[in-house]
Amino acid sequence: RHSTKSQTVSSQAGKMMKFPVRRCTSSLRDFVQKRQASSFDSCKKALPVSGLNYYSLEALNDPRVEKMPLSIRVLLESAVRDAATGDGTEVDAKTVMDFAAQAGKADINWRPPRVIMQDLSGIPALIDLCAMRDVIKAKGGDASKVNPLSPVDLVVDHSVIIDVAGTPDALKRNMEIEFNRNLERFQFLRWAQNSFDNFGLIPPGSGIVHQVHCEHLARILMTKDGVVFPDACVGTDSHTPMVNGVGVVGWGVGGIEAEAAMLGQPISMVLPEVVGLELTGELRPGVTATDLVLTVTELLRKHGVVGKFVEAFGPGARSLTVTDRMTVSNMAPEYGATVVYFPTDEMTLEYLQRTGRPEDKVKLVEEYNKANMLFGEKASEGVVYSSVAKLDLSRVEPSLAGPKRPQDRVPLDGLKNDFTTALTAKRGLKGFGLSADEASKPVKTKDGEVQHGDIAIAAITSCTNTSNPSVLVAAGLLAKKAVEFGLTKPGHVKASLAPGSTVVTKYLEDAGLQQYLDQIGFNTAGYGCTTCMGNSGEVEPIMQEASDNGAVTAAVLSGNRNFEGRVHLSVKANYLASPPLVVASALAGRIIDFKNEPIGTGKDGKEVFLRDVWPTPDEIETTVRRSVKPEMFREAYGSRRGSDEWEALPQAKELTFNWSEDSTYIRRPPFLDTTWTPMKEAHCLLLMGDSVTTDHISPVSSIRNGPAYDHLKEKGVEHKDMSSFGARRGNADVMVRGTFANPRITNFLVAESGPTTLHIPSGEEMPIFNAAEKYRSEGFDLVVVAGAEYGTGSSRDWAAKGTAMMGIRAVLAKSFERIHRSNLVGMGVLPLVFE
């Protein structure tokens, strides 16, 4: 099953590190080296124009292929090609061929041709490879054998924090702070860039991984040994499916699975069921792609797509631009789907041209997909899905989602009522637990009063929306009209714009819209994943004090996640919204009824409503067509050169990394030194309810207090340099202390929310980490008990690594999110489901 090179890596690594790996038998090795003819050899054909070889699905001459979803046809092509070349077996190909009978039942092995990463999850994976090199070198082996065998791209995008906002120099200052704060991490990445083969890196300040992926890194088609085949990938971020909108099959996995894929190992998976998403009609004027994806999230959560592929079809799907499709695919993890696939068609070709792809590549994409039953409406005729969910696009309405979960869609006209109701509802997924008296009174601070629902953060952020020129242009046009009316943003609102690529700035400036966003306070503050993943920086002092005094302040952001404690630890109500609604919310300064309440008062003294500043579809489309140009993408991605500071970093090429004992960011991980013993006398460390997310388990937020803070303080780190858990994922000592450290976590073993638990033998309440250490010293193992949807959210390997390091041997829950369940297994923690 393995190539000769991957045999060497796997066999030697397994021998040196003393954990079980599959090893080639001599007969199978002979088969790999002296392959017999495959029944699929006859499927190898030549494309008439390009002359490249490909494995033809039509040549299978099997009527089942025509009924097969196109996303499964991509898996079938891979299985057929692997069987024909000796990289796989005919068993997998025949299983995929029998999709109708085997979906959701049979296991297959799939070898992803490449891996995509961001720095927060990518650095721990690279550190693990470094540790493997150390172990092999110490045992006298050849450490150079530890190298990615599949192409790997890493985008440094999760390090920038909105420390400075609303000023002309915000971008420059935040990048300077980012570099100084992350110097150790960046030095490690610079070393990795030169030390590992098959490893490419996009430096900080370039954009967000998924937007850069779609605009530049996605190959669309790949070639190897003269054979062309569909691009596909796995990524160490749960929003990897965004690339499905460009016609590329790809999904998020944990860092542990990604490491295996990097080393050439196949991914073992159940052949997925495919839910057809039938889209009809067209979006009405004033309805955005953000409104669409929030509606799809609500719909598919109810339909049930966890662990399944979703494939869009119908006239509505064909009418969507690729950037609208990318928005829908991006939020796949929010509704539980593994893949949300939009097949390649004319819209895809137009997107490739607009993003500056070479013309010969665009022609090859068209030729290959048409030849191999993968292009457009014709290829989708006769497909039979496992089930079908239907949506009439004309019924989609302007929406937000919140205040605590992305699947809790709120119609725009019902926003204020939703928030008001949540204030006094029982504390939970839709409630804050205030009394009627508390909800009706303002909260006093030394600088004045703050009302519940006053907006602390308004952020245009996240690749979900910043990859879509239509909604960014809409935000700029709304800002222009607002400035012309004389509207200004209240001082208590922290506004920021963090695009997913530098192309956004180019077309906003070309359209003359960035100046109006700047005047309101939406100056570009960074190119990276910022507020959406908790890198929002400090809020205004009055809002922080109000929150400390009990105020339920709000954030409105164009992100994809709004779990408690994620956006900002002090901001309790978080609503996802389109970029133009983010701008309108910043101007209003509080949660309002957008239909009946004004967003401000104009310079003429008259009230200005949302409808007065909302741009028309013609205004948006005309601006996009005029200002979004292919040369902007070619210029942005023509070079992978970073900032002067990045280029000045040492470019050492030592085979093994030189660990520093003084580092508080990059430390050698302990996992290869772990020994396992049978579980015995386990106590319950945590007793939790439904929808425990990976943000609850392993937050990425700023380190403000608790055992991790105390540990870093002992190491000499000052408060201003604490940074975030996300940035310190390369330090196991910090991360284990940050496990279950979310201040919003609810543990039923104690009365109050927060990162504390009950040490059962003594009856003493203490921080969760301290309790775990006390149990360890007493010789007890640990378990966690929870409800449904345990581990939803980001594909965060540290949510499993920290769990294992705490001594937790099993998690008992009603159900698990796919990626987290896999990560737990990879770390030796049993995910147990009981009915």
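Over all projection directions, the Cα-based convex hull of segment 188-268 averages an area of 6.3 nm².
Estimated at the nearest 10 Å², the accessible area of ARG640 is 100 Å² with a 1.4 Å probe. Take each peptide in 66-76, 334-344, count the other Cβ atoms within 10 Å of every residue, and average; sorted highest first, the result is 334-344, 66-76. Using the alpha-carbon centroid of each, what span in Å lies between segment 46-77 and segment 375-410? With segment 46-77 and segment 375-410 each reduced to a Cα centre, they are spaced 27 Å.
Of the residues CYS43, CYS684, the one with the largest accessible area comes first in the ranking CYS684, CYS43, computed with a 1.4 Å probe on protein heavy atoms.
Taking every DSSP beta bridge that has both ends in the chain, the antiparallel portion is near 35%. Partners of LYS67 within straight-line reach, counting lysines whose Cα lies under 23 Å from its Cα and excluding those fewer than 8 residues away in the same chain: LYS44, LYS45, LYS94, LYS105, LYS308, LYS370, LYS378, LYS390. Viscosity 0.692 mPa s, temperature 37 °C: give me the Stokes-Einstein translational D for segment 252-393 in µm²/s, with Rh taken as the Kirkwood radius over C-alpha pairs. For these conditions, the coefficient is 199 µm²/s. Give me the accessible area of LEU364, 1.4 Å probe, in Å² rounded to the nearest 10. LEU364 has an accessible surface of roughly 30 Å² with all protein chains in place.
Projected onto their three principal axes, the Cα atoms of segment 151-308 cover extents of 49, 48, 29 Å, largest first.
Put the Cα centre of segment 222-246 next to the Cα centre of segment 504-583 and the gap is 31 Å. Remark: C-alpha extents of segment 64-108 on the principal axes read 26, 20, 14 Å, sorted largest to smallest.
Across segment 171-232, Cα-Cα pairs farther apart than 16 Å form 63% of the total. Cα centroids of segment 85-121 and segment 262-307: 20 Å apart.
Ordered from highest to lowest accessible area with the whole protein assembly present and a 1.4 Å probe, GLU359, GLU77, GLU545, GLU58 read as GLU58, GLU359, GLU545, GLU77.
Within the accessible surface of the chain, defined with a 1.4 Å probe on protein heavy atoms only, the carbon and sulfur portion equals 50 percent.
Only one residue of SER558, VAL49, SER643 has its Cα farthest out toward the positive end of the dipole of the chain, where Lys and Arg carry +1 and Asp and Glu -1 on Cβ, and that residue is VAL49. Under the combined filter of DSSP loop state and at most 14 neighbouring Cβ atoms within 10 Å, segment 620-720 retains these GluC sites (Glu not before Pro): GLU654, GLU661, GLU681, GLU718. If R0 is 41 Å, the Cβ-Cβ spacing of GLU764 and ALA788 corresponds to a FRET efficiency of close to 0.85. Within straight-line reach of LYS172, meaning a Cα separation under 23 Å, sit the following lysines at least 8 residues removed in sequence or on another chain: LYS489, LYS494, LYS506, LYS720.
Among the lysines, which have Cα under 28 Å from the Cα of LYS426 when same-chain residues fewer than 8 positions away are ignored? Partners within reach: LYS302, LYS404, LYS416, LYS441, LYS444, LYS572, LYS595, LYS814. Segment 423-472 has equivalent-ellipsoid semi-axes of 32, 18, 7 Å, by the square roots of 5 times the alpha carbon gyration tensor eigenvalues, sorted largest first. Rg and Dmax over the alpha-carbon atoms of segment 397-539 stand at 17.1, 51 Å. Summarised as an ellipsoid, the chain has semi-axes of 40, 34, 26 Å, derived from the eigenvalues of the Cα gyration tensor scaled by 5 and square-rooted, with the largest first. When the Cα convex hull of segment 454-598 is projected onto planes of every orientation, the mean area is 7.8 nm².
Loop-located chymotrypsin sites (Phe, Trp or Tyr not before Pro) in segment 708-781 (DSSP state other than H, G, I, E, B) with a sparse environment of at most 15 neighbouring Cβ atoms within 10 Å: PHE748. Note that segment 668-760, at 4 °C in a medium of 1.567 mPa s, gets a Stokes-Einstein diffusion coefficient of 88 µm²/s from its Kirkwood radius over C-alpha pairs. Only protein heavy atoms count here; on that basis, with a 1.4 Å probe, PHE671 has an accessible area of about 40 Å².
Remark: segment 246-314 is approximated by an ellipsoid whose semi-axes, taken from the C-alpha gyration tensor as √(5λ), come to 31, 14, 12 Å, largest first. Heavy-atom accessible surface of the chain, averaged per residue, reaches 37 Å², computed with a 1.4 Å probe. Contact order for segment 550-680, expressed relative to its length and based on alpha carbon pairs under 8 Å spaced 6+ residues apart, stands at 12 percent.
The values are calculated or read from the model by the stated rules, or taken from the named source; none is laboratory data. Computed from a predicted structure; not experimentally measured. Cβ coordinates were reconstructed from backbone atoms using ideal geometry, including for glycine residues, and neighbour counts include every protein chain displayed. We work out accessible area using only protein heavy atoms, side chains counted, and drop any ligands, DNA or RNA first. Shrake-Rupley method; radii C 1.70, N 1.55, O 1.52, S 1.80 Å.
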